[in-house]
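Colleague: Right, I'll just put the structure down here and ask away after.
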Amino acid sequence: MTDTAIAATRFGPVTTTRGESVAKRPDEASPGEPAPDEQPARAREIVFQLSDVEVRYSGVTAVQDVTVDIAANEITAFIGPSGCGKTTVLRSLNRMHDITPGAEVLGKVTYHGQDLYSSKVDPAEVRRRIGMVFQKPNPFPKSVYDNVAYGPRINGTKRSEVEERVKKALTQAALWDEVNGKLRTSALSLSGGQQQRLCIARCLAVEPDVILMDEPCSALDPIATARIEDLMDDLKNDYTIVIVTHNMQQAARVSDRTAFFTAEVDDAGHRRGRLIEYDVTETIFTHPSDPRTEGYITGRFG
Amino acid sequence: MATDAPALPKSFTKGSRPPGIIADRAFRIIALLAALMVLVILGLIAVSTTREALPWFREEGLGIFTDTWDPSKNSFGALGLIYGTLLVSGIAVVLSLPISIGIALFVTDVAPRRLRRPIVYTVDLLAAIPSVVYGLWALLVLAPPLANLFETVSDATAGIPVLKTVFGNPSASGKSFMTAGIIVAIMITPIITSITREVFATVPSSQKEAALALGATRWEMIRGAVFPHSRSGMVAGTMIGLGRAMGETIAVALVIGSSQRVTANILGPGDTLASVIANQFGEASGTHRAALIGCGVVLFVITILISMAARTVVTRTDRRSAGTA
Amino acid sequence: MTAQPMPLTRSARKGRRELKNAVATGLIVASFVIALIPLTLIVVYVIQAGASVFNLGFLTEDLPFSNRREGGGIYPAIIGTLVITGTATAMAVPLGILGGIYLNEYGGRSPLARFIRFLSEVMTGVPSIVMGLFIYTIWVLPRKQSGLSGFAGALALGCLMLPIVIRTSEEILKVVPDELREGSYALGTRKAQTIRRVVFPSAAPGIISGALLGVARVAGETAPLLFTIGIVSTANFNVFDGPNTALPQQIYINAGTFGGFPAAQDRAWGAALALILLVFLFTLVARIITAIYTRRSSAV
């Protein structure tokens with residue numbers, strides 16, 4: 001099955017900007033979901049507002065023209081071919097570029113209305129509230145318990161509370177049943193999928209507001225991936241999630257809104273990323289407005 | 001987190017003092033100060049030793065480069081000592097270099113892979129033996145038979161023009177430039193081997209395999225693929241070994257014999273900048289002491305120059321090979 | 001046209017090449033053997049000569065007043081080596097680790113960090129006797145008689161150790177993957193805390209092993225002690241109070257000044273054996289730590 005066909009199973013046939021149907025319907029029985037989800041009636045509460053954001057590395061623009069609103073309790077996906085700046089934009093949301101030498105973030109990024117890059121803002125506090133899960137699971141070489149307890153301990157949580165937080169985080173990350181009883185064993189002895197869920201638990205233990213995920217499943221097998229996608233669906237009730245993924249099916253499956261990025265080569269031969277289109281996921285995958293978006297999701301490139 | 005907009009906690013903005021930021025900055029400063037100790041110590045070494053040695057520089061002036069070291073006459077020309085330092089180090093490097101390269105080649109290209117680690121450990125054990133133990137052994141075990149050997153060599157070359165001066169009157173105890181050179185050679189072998197081995201290990205195996213695939217023998221492969229790639233690394237390793245040899249004090253002090261004149265006779269006694277300090281400092285005072293400290297200054301300068309030269313060689317190769325990578 | 005196929009047997013020219021190869025290989029193997037000779041000779045001789053002197057008395061009695069005479073023990077020298085080297089380690093290792101942390105975690109490729117790295121390399125090349133002269137001029141001289149002490153020797157040894165510890169610490173820290181640091185920052189941890197709780201614990205075994213190798217090297221140094229610790233014949237446990245002695249110094253004195261006397265020679269061999277055992281012990285422990293550490297981190 002092609003990617004478009006898969007998208008089609010969730011949203012119906014993909015139409016081009018001129019309204020022609022492009023996808024072939026599979027020969028099997030009609031696809032599962034009958035109709036796209038209804039938009040919730042409540043107003044969207046905006047968590048992040050990016051206006052004309054541009055990120056440069058040592059003076060060279062990596063991504064530009066990024067204007068997007070990210071809403072609470074939604075899963076927003078950044079998709080696009082490699083090198084188009086999705087991860088770069090993600091990392092600007094929790095000021096991870098601060099630790100990259102030579103990186104500059106221009107434009108405005110606000111978080112709950114507050115300018116994230118104002119000099120009055122404490123970057124450590126930013127990262128406590130806006131957590132991140134990385135592409136390759138990176139548990140500390142400590143025990144499972146100590147990994148999850150790390151965040152609360154750093155924040156001075158009392159010892160009695162730490163144990164509760166650890167259990168709660170591991171439960172939320174759907175890992176508790178598997179590690180209960182071996183909390184003191186090394187985190188490195190877990191499987192890849194378990195390690196990634198451990199990293200999610202570690203992130204949840206500091207009780208963040210937002211969870212940023214940078215291609216969290218790309219190093220995992222399909223079964224582990226499916227578990228994490230189920231997890232994300234539960235988590236979005238309590239957290240705001242932004243996920244970068246190069247897997248379109250995944251974006252189609254889990255996200256509420258999708259932002260499509262692509263890379264352009266300018267006259268000087270430099271690759272620059274750019275946000276092309278941002279909309280409700282269903283729209284992006286069924287009737288995108290920009291031909292480049294359509295080209296990507298129909299598999300013509302990328 | 002609830003769906004209503006959470007009020008941003010006060011700690012979100014830095015305000016007066018976000019938790020932990022002072023400790024964070026303090027740690028950075030402490031770490032920086034620790035690193036700066038290196039600069040401070042080196043600076044102090046340079047300043048304090050030069051200051052103590054000034055009387056010597058002032059009294060002798062350029063005379064420090066003459067061959068007139070004689071405490072009883074209060075004259076301290078250090079040419080003989082500089083010469084001795086160069087001679088002993090020269091002998092040591094000449095003897096050690098082929099052996100070190102041989103061992104490095106043995107480990108990287110000849111010995112079976114399983115043996116590599118044990119061999120490296122063994123050679124490193126040579127490095128672990130303290131200098132004074134080398135000196136003790138050289139004095140009591142090596143020197144006596146060497147004294148006999150020197151007699152034989154000296155007698156054998158008695159008639160040959162150049163050789164009879166180089167292998168002149170041997171010292172009866174065996175304490176000589178040559179003995180010192182031999183023991184220092186043994187002592188610097190581990191360091192030259194280790195550096196050369198690391199350099200040889202960076203030769204891309206693709207190049208080695210290419211040579212072998214063309215039908216080259218192992219030796220031809222070494223000459224064709226390993227040596228050209230490693231030339232500057234070997235030079236750097238040699239320089240570092242040379243620097244170590246020049247600074248070697250105790251073992252040399254025990255077996256060099258203590259004579260501060262320039263002489264071509266390598267079988268006879270001598271002295272080096274480092275060993276004269278060890279041998280004479282105890283009873284020295286006034287200008288004598290200043291002169292000995294001055295020898296330390298000269299030694300300090302020489303070793304710094306060699307360090308810098310070795311480093312330039314290494315960085316120049318890195319730059320060159322980065323271009324060809 | 002039929003060409004004769006190249007025989008796979010050896011031709012004359014190839015034979016010469018094979019010969020050169022064999023000779024070269026022979027020389028290479030020979031050089032290894034040659035290197036082994038002094039090593040075995042020295043170790044064997046020290047063990048033999050030293051063991052013949054070793055007995056409980058030798059290790060626990062004080063030095064005789066005159067080195068020419070038989071008897072007595074090297075107990076004061078053992079104590080001296082332990083306390084002086086211990087003090088030097090206590091000063092140089094924490095400073096060195098902090099310096100290495102600065103270079104790798106904060107300095108990076110900045111001009112200051114590169115300069116300090118260069119200076120640190122220069123400092124490893126400074127001859128140990130120059131370190132001894134240095135401490136003599138700035139610590140011992142100004143204090144006249146009371147300057148000679150175990151502490152002065154410890155200062156000199158510490159200066160020798162410092163650049164070694166800085167270099168090995170930096171190298172070990174470099175190997176800690178950046179992903180661990182990122183993971184910690186992403187949880188809102190500040191840099192110093194990240195270093196303390198994640199980076200350093202990861203690097204600790206390697207750093208400790210490197211420090212132990214530095215201690216082993218410095219414990220055997222004689223030259224820095226010659227003009228800084230004076231000499232005693234009874235054990236002095238207090239590094240700050242008055243002169244002291246140490247194993248390398250005793251070996252040097254007994255071999256050098258009194259080398260003609262058999263009693264002194266015996267004493268020197270005994271002290272040499274004690275020193276080598278000490279140094280090898282530290283080296284062995286360092287290697288064991290490295291072995292455990294590498295085995296554990298690769299057993300995932």
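Throughout, read-outs are computed from the coordinates displayed, never taken from laboratory work. These figures come from a predicted structure and were not determined experimentally. Reconstructed Cβ throughout: ideal geometry from the backbone, glycine too, with neighbour counts over all protein chains shown.
Colleague: For B:S206 paired with C:R17, estimate the spin-label separation in nm (one decimal), with each label point 7 Å from Cα along the Cα-to-Cβ line.
Modeller: Distance between the two pseudo-spin positions: 2.4 nm.
Colleague: Within straight cross-link reach of A:K142, meaning Cα distance under 16 Å, which lysines are found once same-chain residues fewer than 8 apart are removed?
Modeller: A:K182
Colleague: Compute the Cα gyration tensor for segment C:211-287, then decide on rounded, prolate or oblate, letting a ≥ b ≥ c be the square roots of its eigenvalues: rounded whenever a/c is under 1.5, prolate when a/b is larger than b/c in the other cases, and oblate in all that remain.
Modeller: oblate
Colleague: Over segment B:30-183, what is the mean sequence separation of C-alpha contacts under 8 Å (at least six apart), divided by residue count, expressed as relative contact order in percent? Let's see the in-between values first.
Modeller: On the way: 92 pairs, mean separation 30.3, N = 154.
It comes to 20 percent, rounded to a whole number.
Colleague: Apply the Karplus curve 6.51 cos²θ - 1.76 cosθ + 1.60, θ = phi - 60°, to the phi angles in segment B:121-134 and return the couplings in whole Hz, x for Gly and Pro.
Modeller: 4, 4, 5, 5, 5, 4, 6, 7, 6, x, 4, 5, 6, 4
Colleague: Could you work out how far apart the two model spin labels at C:I34 and C:L82 are, taking each label as a point 7 Å from the Cα in the direction of the beta carbon, and quote it in nm?
Modeller: 4.2 nm
Colleague: Enumerate the calculated ³J(HN,Hα) couplings along segment A:173-190 in order (Karplus 6.51 cos²θ - 1.76 cosθ + 1.60, θ = phi - 60°), each rounded to whole Hz, writing x wherever the residue is Gly or Pro.
Modeller: These are the phi-based 3J(HN,Hα) values: 8, 6, 10, 4, 4, 7, 10, 4, x, 10, 5, 8, 7, 5, 4, 6, 8, 7 Hz.
Colleague: Plugging the Kirkwood radius over Cα pairs into Stokes-Einstein for chain C, at a temperature of 37 °C and a viscosity of 0.692 mPa s, what D comes out in µm²/s?
Modeller: Reported coefficient: 145 µm²/s.
Colleague: Another one. Identify, among B:T122, B:Q207, B:A147, the residue whose Cα sits farthest towards the positive end of the charge dipole of segment B:58-324, taking +1 on the Cβ of Lys and Arg and -1 on the Cβ of Asp and Glu, with the dipole about the Cα centre.
Modeller: B:Q207
Colleague: To continue, here is another question. Within 10 Å of each Cβ of B:215-225, how many other protein chain Cβ atoms are there on average? Walk me through the numbers on the way to the answer.
Modeller: Values: counts 2, 2, 9, 5, 11, 4, 1, 4, 2, 0, 0.
Mean shielding by partner chains, rounded to a whole number: 4.
Colleague: Averaged over its residues, how many other protein chain Cβ atoms are within 10 Å of peptide B:305-315's Cβ atoms?
Modeller: Taking all residues of B:305-315 together, the mean is 2.
Colleague: What 222 nm value per residue comes from the helices of chain B, counting each DSSP H run with n ≥ 4 as -39,500 (n - 2.57) and dividing by all residues, nearest 500 deg cm²/dmol?
Modeller: It lands at -22500 deg cm²/dmol.
Colleague: Right, another one. Taking the Cβ of each residue in A:Y239, A:Y111 as the centre, tally the other Cβ atoms inside 10 Å and list the residues starting with the fewest.
Modeller: Final ranking by Cβ density, sparse to dense: A:Y239, A:Y111.
Colleague: With unit charges on the beta carbon (Lys/Arg positive, Asp/Glu negative), name the residue among C:G57, B:N74, A:S82 whose Cα is farthest towards the positive pole of the charge dipole of the protein assembly as shown.
Modeller: Of C:G57, B:N74, A:S82, it is B:N74.
Colleague: Of C:T137, C:F258, C:V239, which is farthest on the positive side of the dipole of chain C, counting Cα position, with +1 on Lys and Arg Cβ, -1 on Asp and Glu Cβ, and the Cα centre as origin?
Modeller: C:T137
Colleague: Continuing with the same structure: For a quick check: sort A:E264, B:E220 by the number of other beta carbons within 10 angstrom, fewest at the front.
Modeller: On the way: A:E264 13, B:E220 17.
Lowest to highest Cβ neighbour count: A:E264, B:E220.
Colleague: Based on Cβ point charges of +1 for Lys and Arg and -1 for Asp and Glu, what charge dipole magnitude is obtained for segment A:168-225 about its Cα centre, in debye rounded to the nearest 20?
Modeller: 300 debye
Colleague: Using only Cα atoms and rounding to the nearest 10 degrees, what angle (0 to 90) does helix B:143-156 make with the longest principal axis of chain B?
Modeller: Helix B:143-156 sits at roughly 50 degrees to that axis.
Colleague: Distances longer than 15 Å among the Cα atoms of segment A:89-184: what percent of all pairs is that?
Modeller: Above the 15 Å cut-off, segment A:89-184 has 69 percent of its Cα pairs.
Colleague: Using the per-residue mean of other Cβ atoms lying within 10 Å as a proxy for protection, in what order, highest first, do the peptides B:281-293, A:159-171 fall?
Modeller: The packing order, highest mean first, is B:281-293, A:159-171.
Colleague: Please find the FRET efficiency linking B:I21 to B:R113, where r is the Cβ-Cβ separation and R0 is fixed at 51 Å, and quote it to the nearest 0.05. Show your work: numbers first, answer last.
Modeller: Numbers: r = 52 Å, r/R0 = 1.02.
Efficiency, rounded to the nearest 0.05: 0.45.
Colleague: Can you flag which of A:K120/A:K236; A:K167/C:K191; A:K108/A:K136; A:K167/A:K236; A:K120/C:K174 are past 23 Å Cα-Cα? It would help to have the intermediate numbers written out before the result.
Modeller: Values: A:K120/A:K236 30 Å; A:K167/C:K191 27 Å; A:K108/A:K136 29 Å; A:K167/A:K236 19 Å; A:K120/C:K174 32 Å.
With Cα atoms farther than 23 Å apart: A:K120/A:K236; A:K167/C:K191; A:K108/A:K136; A:K120/C:K174.
Colleague: Taking the Cα centre of segment C:56-298 as origin, sum charge times position over the Cβ atoms of Lys and Arg (+1) and Asp and Glu (-1), and report the length of that vector in debye to the nearest 20.
Modeller: On the way: 19 positive and 13 negative charges, 118 e Å.
About 560 debye.
Colleague: For segment B:294-313, list residues with backbone N below 17 Å from a point placed 7 Å from the Cα of B:F57 toward its Cβ?
Modeller: Only B:294-305 pass the distance filter.
Colleague: With a Cα-only, solvent-free Debye model of segment B:58-324, what are the log10 I(q)/I(0) values at q = 0.07, 0.11, 0.12, 0.13 Å⁻¹?
Modeller: Log-scaled intensity ratios, in q order: -0.31, -0.71, -0.82, -0.92.
Colleague: Can you give the FRET efficiency for B:A213 and B:T66, using 1/(1 + (r/R0)^6), R0 = 56 Å, r = Cβ-Cβ distance, to the nearest 0.05?
Modeller: 0.40
Colleague: Under a Cβ-only charge scheme (Lys and Arg +1, Asp and Glu -1), can you give me the dipole magnitude of the protein assembly as shown about the Cα centre, in debye to the nearest 20?
Modeller: Its charge dipole is roughly 2040 debye.
Colleague: Hey, any idea what Rg/Rh is for the protein assembly as shown, computing Rh the Kirkwood way over Cα pairs?
Modeller: Taking Rg over the Kirkwood Rh, I get 1.08.
Colleague: Can you give me the long-range amide H partners of A:G80? Hydrogens built in the peptide plane at 1.01 Å from N, cutoff under 5 Å, separation of 5 or more residues or another chain.
Modeller: A:F261
Colleague: Among the lysines, which have Cα under 24 Å from the Cα of B:K175 when same-chain residues fewer than 8 positions away are ignored?
Modeller: Straight-distance partners of B:K175: B:K164.
Colleague: Hey, got a sec? Which trypsin sites (Lys or Arg not before Pro) in segment A:182-257 land in a DSSP loop and have at most 16 other Cβ atoms within 10 Å? List each step's numbers first, then the result.
Modeller: Values: sites: A:K182, A:R184, A:R197, A:R202, A:R227, A:K236, A:R253, A:R257; in loops: A:K182, A:R184, A:K236.
Those that pass, being in a loop and sparsely packed, are A:K182, A:R184.
Colleague: Can you give me the distance in nm between label points at B:L305 and C:R287, each placed 7 Å from the Cα along the Cα-to-Cβ direction?
Modeller: Once both label points are built, they end up 3.9 nm from each other.
Colleague: In addition: Separation of segment B:216-264 and segment C:92-158 by C-alpha centroid, Å?
Modeller: 27 Å
Colleague: Here is a follow-up. Whole angstrom only: what separates the Cα centroid of segment C:216-295 from the Cα centroid of segment B:126-169?
Modeller: Here the answer is 27 Å between Cα centres.
Colleague: Exposure proxy check: B:I29, B:I119 ranked by fewest other beta carbons within 10 Å?
Modeller: B:I29, B:I119
Colleague: Quantify how strongly other chains surround peptide B:97-105 by giving the mean number of their Cβ atoms within 10 Å of each of its Cβ atoms. Provide the component values of the computation, followed by the final result.
Modeller: On the way: counts 0, 4, 7, 2, 3, 10, 8, 3, 7.
The shielding value for this peptide is 5.
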